[in-house]
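What follows is one structure encoded as structure tokens, with my remarks underneath.
The values are calculated or read from the model by the stated rules, or taken from the named source; none is laboratory data. Not measured: the values here are computed from a predicted model. Here the Cβ positions follow ideal geometry from the backbone for every residue, glycine too, while neighbour counts run over all protein chains shown. These area figures cover heavy atoms from the full protein model, side chains too; ligands, DNA and RNA do not enter into them. Shrake-Rupley method; radii C 1.70, N 1.55, O 1.52, S 1.80 Å.
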Amino acid sequence: MKLAKLDFLLRYPEHFNHLMAERRPDADPGDDPWLTGAIEQSMIRYRYGPWDPAYYALLGALTGKGLIEPKHENAVATYRTTPAGRAVAQALAESESWRPVRDRARLLRRHFNLTGTTLKDMIYRAFPDIVEADWGTQL
């Protein structure tokens, strides 16, 4: 759930800016990482808010390539990067083309490193249109 909520805030900069203004009104939200304002793949409204069905394939591919490894803690699936995954992430973070995404990810970690449930509740409170959307609706 946490991955999906952080991804939502990364993909939808206007929602990120809204929550940043609430949580940290004096903090600089930085540049929009997408620059064009276009969202390549919209998320859908699912049981616990914004979701992308592609997560399953992406997490499987990253696991298969040895870039992440699954962990299960108290019946909750979690993932962590492997040394190879950290090396790839570091290389991307150092490239100029990924700089805006890296900067936004750092802001997310600094200001929204909360539990998935806390992030879900925050998004539901701030964006009632998401809560009211039918399951499967593109956001």
(message) The conditions are (1) out of contact with any helix residue (DSSP H, G or I) (no Cβ under 6 Å at 6 or more places or on another chain); (2) at pLDDT below 95; (3) open to solvent by 60 Å² or more (accessible area, probe 1.4 Å), and W98 fails exactly one of them. Which is it?
(response) (1)
(message) If D134 meets every condition in (1) outside any loop (DSSP other than H, G, I, E, B); (2) touching a residue at least 24 places away in the same chain (Cβ under 8 Å); (3) open to solvent by 60 Å² or more (accessible area, probe 1.4 Å); (4) of a type in the set (D, E, K, R) apart from one, which number is that one?
(response) (1)
(message) When the residues of region 50-68 are narrowed to those that are within 15 Å of A4 (Cα to Cα) and in contact with a helix residue (DSSP H, G or I) (Cβ under 8 Å, 6 or more places away or on another chain), which ends up surrounded by the fewest Cβ atoms within 10 Å (Cβ to Cβ)?
(response) Y55
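Which members of region 13-49 meet the condition of being buried (at least 19 other Cβ atoms within 10 Å of the Cβ) and either closer than 17 Å to L114 by Cβ or not hydrophobic (A, V, I, L, M, F, W, C) (or both)? Please lay out each step first, then the result.
Filtering region 13-49 for residues buried (at least 19 other Cβ atoms within 10 Å of the Cβ) gives 13, 16, 19-20, 43, 45, 49.
Selection gives P13, F16, L19, M20, R45, G49.
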